[in-house]
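No value in this document is a laboratory result; all are computed from the given coordinates. The shown structure was predicted, so the numbers you read here are calculated from the model rather than taken from an experiment. Positions of Cβ are backbone-derived with ideal geometry, glycine not excepted, and every protein chain shown enters the neighbour counts.
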Amino acid sequence: MTIAHHPDEELLAAYAAGALDLGQRVAIATHLAACESCRGWIRAMEQVGGALISDMAPTALAEGALA
Ligand SMILES: [Zn+2]
């Protein structure tokens, strides 16, 4: 099967950031299961996000943040 359409980068970035609703996440996850190119793009975005978080100064959690 040849994949002819890929989600745009804005949608993939929102997926990597966990910012999509359930229907969008399911649609993107289904695409990713068959598309190595987009999986690679997601991995790169997750690595960028991880690097940004690791460079942030530690901050105390707000009262009740774990509730
Ligand atoms: Zn793709």
- request: Would you work out the charge dipole size for the stretch 9-53 about its Cα centre, treating the Cβ of every Lys and Arg as +1 and the Cβ of every Asp and Glu as -1, and quote it to the nearest 20 debye?
  value: 120 debye
task: Mind giving me the nanometre distance, one decimal, between the label points for residue 30 and residue 55, set 7 Å out from Cα along Cα→Cβ?
output: 3.7 nm
- prompt: Semi-axes, largest first, in whole Å: what does sqrt of 5 times each Cα gyration tensor eigenvalue give for the chain?
  reply: 29, 15, 8
Among 21-27, 55-61, 32-38, the order from most to least packed when residues are scored by Cβ within 10 Å on average: 32-38, 21-27, 55-61
